[in-house]
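The structure under discussion appears below in the form of structure tokens.
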Amino acid sequence: MKDATLIIGFVAALFAVFIIDKIIQARKNAQRLPLPPGPRGYPIIQNMFDLPKKDTFAAPQYAKFKDKYGPITALRIIGKPFIVINDPQVALDILEKKSAEFSSRPSLTFIGELVGWDKATGGIPYNDIFRLHRKVFARIIGTKTTAAQFDDLQEAEVGHFLLHVLDNPGNLKEHIHKEAGTVALKIAYGYNADQFKKDPLLSKMNKVMDDFARSAVLGRYLVDFFPILKYLPDWFPGTEWKRQAKEYRADFLDAVERPYRFVETQMTEGRENVSYLAKAMATSEDTPEDVHNNMWTAGSIFSGAADTRDLWTQSYHYQSVASVNAFFLAMAKFPEAQKKAQEEIDRVVGSDRLPTVSDRDNLPYLEALIKEVLRWHTIAPMGLLHMSSEEASYSGYRIPKGSLVLCNIWWFMHSPELYKNPFEFRPERFLGAEPETDPRRYVFGFGRRICPGKILADNSLYLNFAQSLAVFDIGKPVANGQEYEPKFKPLPGAISHVAPYEATIKPRSPRHEQLIRSIEQRFPWQESDAKGLEAV
């Protein structure tokens, strides 16, 4: 009875606060510009029911707002202004030209403050710490020249991926995940993951990302809308989420701090470690501020996003998984494009070696194919949340301070205003005297929140696509002796994967199989660093 009385009283207090806030806001807004148009909401919950359902691919539903309300739509979710942009030029006008006003991130109490993601680069608001993080990224991986120091590392892991696929083509997605995670850990920490069994650090990272995926969902936790709830005692009814946050926090901090100690130990012992973190530590002072910035920027290379409705940032690791997986599906579905790319590779590179980064400028059709895969399956369909740090105006409308801003990147990539016959897979659209818009203009983010690892990610996609096409034929699946068409279905999530599919993958010839086997001589398998990690 006592618990019921407390809960009823608490709900009544929340309702009173809501009503008072509405009265205050109505008075403030009387002389201001109007909000962008949008659907009428309900009391208290406002436009909660206008959001796409949790388990649906949301972007096409958000795109419907464009027909009814125009290129920019305003919603309110329990008092929070929510702006949806369905026009690429509007996105550039607001997030590029007004970047200083729209480069912050929303504060999610559960995953940010309670679990600890507010220390990661993607969760930091636009402030001095964020700018320091960006400077560290820019210094080490921010240009083609600095990113090139990791070319051989990326090429080695793509080669190991080819070997795995050759030996077990049926586990394609598992190999893609393994390669992307291995590359991310190698770049970030110089850590060699176990290639043939479960690796402890890679498993820990994936567990942390799974926790994030379950937690960083708008509306999942009431404490994100009412931060005062974090002060409720652990015994209060309905606060199981507090125990969950403590568990997630312990795993998350271990996943960030332990590999930092691993690199620190290697450097102290004079061992060679060619990694992002080693370079950051070698070019900075050992101040608490530098330690903090180096540790958290390195952690953000791997653990910057999740497979579901992540609200904050982009991840080299997960975007690579989603894009490479979509590439293999596209090649199975569109054999004509595959054949054209293979003919170009054979003509330019030959069949005695694999394509490298130095060949890229001489492979224009392959470059067009990379762009078309990024456009065809939009891996971040609704972009990633920006937040306005001050009130702004656009085209006669007011965007309040603290507004959450989403861009419908999927619609940009499928808009007939940007692309002719946008639902066709046609790499040729990016060739010729008047190529269509490069999708990388949008898919890597906007303004000061543009993905800091975009050069590494782009290099990874090129090497994966080029080397896979050089040695493998990727075909349609076969059942009962007959080929059938694999289905293309984008799945929900801030980082969208394609639904599971089947394909046939085999070496193009005995000579190509021999070329794959020779990779092991050039890039031998490395012993796992798991024991060294355990010691720290």
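The values are calculated or read from the model by the stated rules, or taken from the named source; none is laboratory data. Quick caveat, the model's predicted, so the values are computed rather than measured. Backbone-built Cβ (ideal geometry, glycine too); neighbour counts: all protein chains shown.
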(request) Give, as residue ranges, the helices (runs of 4 or more DSSP H) completely inside region 434-536 that count at least 1 residues that are over 26 Å from VAL357 (Cβ atoms) and modelled with pLDDT under 95. (result) 530-535
(request) Considering only residues that are at pLDDT 80 or above and either over 16 Å from SER300 (Cα atoms) or of a type in the set (Phe, Trp, Tyr) (or both), look in region 205-222 and name the one that is surrounded by the most Cβ atoms within 10 Å (Cβ to Cβ). (result) PHE212
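Quick grid of which residues meet (1) closer than 30 Å to GLY112 by Cβ; (2) free of Cβ contacts under 8 Å to residues at least 60 places away in the same chain; (3) surrounded by fewer than 19 Cβ atoms within 10 Å (Cβ to Cβ):
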position	(1), (2), (3)
ARG131	yes, yes, yes
ALA138	yes, no, yes
GLY142	yes, no, yes
ASP151	no, no, yes
GLY159	no, no, no
ASP167	no, yes, yes
ILE176	yes, no, no
THR182	yes, yes, no
GLN195	no, no, yes
(request) Evaluate the following for PHE225: is it among the hydrophobic types (A, V, I, L, M, F, W, C), at pLDDT 90 or above and either closer than 30 Å to ASN47 by Cα or more than 24 Å from the chain's Cα centre (by Cα) (or both)? (result) no
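Yes or no, residue by residue, for (1) outside any helix (DSSP H, G or I); (2) in contact with a Phe, Trp or Tyr (Cβ under 8 Å, 6 or more places away or on another chain):
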{"site": "ILE187", "(1), (2)": "no, yes"}
{"site": "TYR191", "(1), (2)": "yes, yes"}
{"site": "LEU201", "(1), (2)": "no, yes"}
{"site": "MET205", "(1), (2)": "no, yes"}
{"site": "VAL208", "(1), (2)": "no, yes"}
{"site": "ASP211", "(1), (2)": "no, yes"}
{"site": "VAL223", "(1), (2)": "no, yes"}
{"site": "ASP234", "(1), (2)": "yes, no"}
{"site": "PRO237", "(1), (2)": "yes, no"}
(request) Please work out which one of (1) modelled with pLDDT under 90; (2) hydrophobic (A, V, I, L, M, F, W, C); (3) surrounded by 24 or more Cβ atoms within 10 Å (Cβ to Cβ) is the condition VAL321 fails and give its number. (result) (3)
(message) Give all pairs with beta carbons closer than 7 Å in which a residue from region 285-298 that is closer than 18 Å to ALA184 by Cα and in contact (Cβ under 8 Å) with a residue 12 or more places away in the chain meets a residue that is outside any helix (DSSP H, G or I) and of a type in the set (A, V, I, L, M, F, W, C); count only pairs at least 6 apart in sequence or on separate chains.
(response) TRP296/ALA120
(message) I need the full set of residues from region 83-104 which are in a loop (DSSP other than H, G, I, E, B) and in contact with a Leu (Cβ under 7 Å, 6 or more places away or on another chain), in order please.
(response) PHE102
(message) Restricting to region 103-138, and then to whatever is touching a helix residue (DSSP H, G or I) at 6+ places or on another chain (Cβ under 8 Å) and either at positive phi or of a type in the set (Lys, Arg) (or both), can you tell me which residue is modelled with the lowest pLDDT?
(response) ARG105
(request) Taking ALA63 as the residue in question, decide whether it is part of a helix (DSSP H, G or I) and either at pLDDT below 85 or under 30 Å from TRP235 (Cβ atoms) (or both). (result) no
(request) For LEU374, indicate whether it is surrounded by 19 or more Cβ atoms within 10 Å (Cβ to Cβ), of a type outside the set (S, T, N, Q), outside any helix (DSSP H, G or I) and touching a residue at least 24 places away in the same chain (Cβ under 8 Å). (result) no
